[in-house]
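The values are calculated or read from the model by the stated rules, or taken from the named source; none is laboratory data. Every value quoted in this text rests on a predicted model; they were computed, and no experiment measured them. With ideal geometry, Cβ positions are generated from the backbone for all residues, glycine too; neighbour counts draw on all protein chains shown. When the accessible area is computed, the model is the full protein with side chains, heavy atoms only, and any ligands, DNA or RNA have been set aside. Shrake-Rupley method; radii C 1.70, N 1.55, O 1.52, S 1.80 Å.
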Amino acid sequence: MAFRDKILELLEEGLKEKPSLFLVDLTVTETFKVIVTLDGDNGVNLQDCIDISRSIDNNLDREEQDYALEVASAGVSTPLKMVRQYRKNIGRTLKVKTATETIEALLDQVSDESIVLSWTAREPKKIGKGKETVEHKREIPYSNIKEAIVTIIFN
């Protein structure tokens, strides 16, 4: 069994013990540095990372293959990659880049094919002078999203 496949198998076993956690990314470099990025429906804490790290580390033989292991949570500025990540962020503000524009808006809805963003904007009135507040809502298929990052807002 290939080294990466063995890591993935051990990772899946460890994640079965913690069903609220899920794998976002697994990287194994040419020098056998293993980087595991996790996310969770309720976030990821330090103990979660330790437990997953142990579930991998305790079942591998360094005599067979020397490696370095890093297990971390998806950071605040990490782009969203999975539908499950979008679902857990409903009601939060996202900065979404497509091929033609960047929209910073509230994540309103999530489906298996797309997301719906909503926002308000001050725009010139259609008749007369001045501006008015206009409500916008846009559905964006995942295939059109180049990058989506949760925006942290301090009040």
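Computed from backbone phi, the HN-Hα couplings of region 33-48 come to 8, 9, 10, 10, 10, 10, 9, x, 4, 10, x, 10, 10, 4, 4, 4 Hz, rounded to whole numbers (Karplus: 6.51 cos²θ - 1.76 cosθ + 1.60, θ = phi - 60°; Gly and Pro given as x).
What the phi angles of region 8-24 give under the Karplus curve with 6.51, -1.76 and 1.60, with θ = phi - 60°, is a coupling list of 4, 5, 5, 5, 4, 5, x, 6, 4, 6, 10, x, 7, 8, 8, 7, 9 Hz, glycine and proline written as x. For the pair region 132-151 and region 1-18, the centres of their Cα atoms are 35 angstrom apart. Close amide H partners of I115, meaning residues 5 or more places away or on another chain with modelled amide H under 5 Å apart, are I140, Y142.
Working from Cα pairs under 8 Å separated by at least six residues, relative contact order for the chain is 18 percent. Longest stretch of the chain clear of exposed loop sites (GluC sites (Glu not before Pro), DSSP loop, at most 11 other Cβ atoms within 10 Å, sites excluded): 114-155. Take the chain, connect every pair of alpha-carbon atoms lying under 10 Å apart with a spring to form a Gaussian network, then pick out the residue of K33, K126, K81 with the largest mean-square fluctuation. Ranking K33, K126, K81 by mean-square fluctuation puts K126 first. Rounded to the nearest whole Hz, the Karplus-based 3J(HN,Hα) values (6.51 cos²θ - 1.76 cosθ + 1.60, θ = phi - 60°) of region 142-152 follow the sequence 4, 5, 8, 8, 7, 7, 9, 10, 5, 9, 8, with x at glycine and proline. Within a straight-line Cα-Cα reach of under 20 Å, K126 can be paired with the following lysines, leaving aside sequence neighbours fewer than 8 residues apart in one chain: K137. When only Cα pairs below 8 angstrom with a gap of at least 6 residues are kept, region 1-55 shows a relative contact order of 33 percent. Accessible surface for the chain, divided over its residues, is 64 Å² per residue with a 1.4 Å probe.
Probe radius 1.4 Å, ligands and nucleic acids ignored: give me the carbon and sulfur share of the accessible area of region 93-146 as a rounded percent.
On the way: 1740 of 3720 Å².
Carbon-and-sulfur percentage of accessible area, whole number: 47.
With Cα atoms defining each centre, region 33-48 and region 53-77 are spaced 12 Å apart in the structure. Only lysines eight or more places from K16 in sequence, or on another chain, were considered; those with a Cα closer than 30 Å are K6, K33, K81, K88. Comparing D66, D112, D51 in a Gaussian network model of the chain where C-alpha atoms under 10 Å apart are linked, the largest mean-square fluctuation is found at D66.
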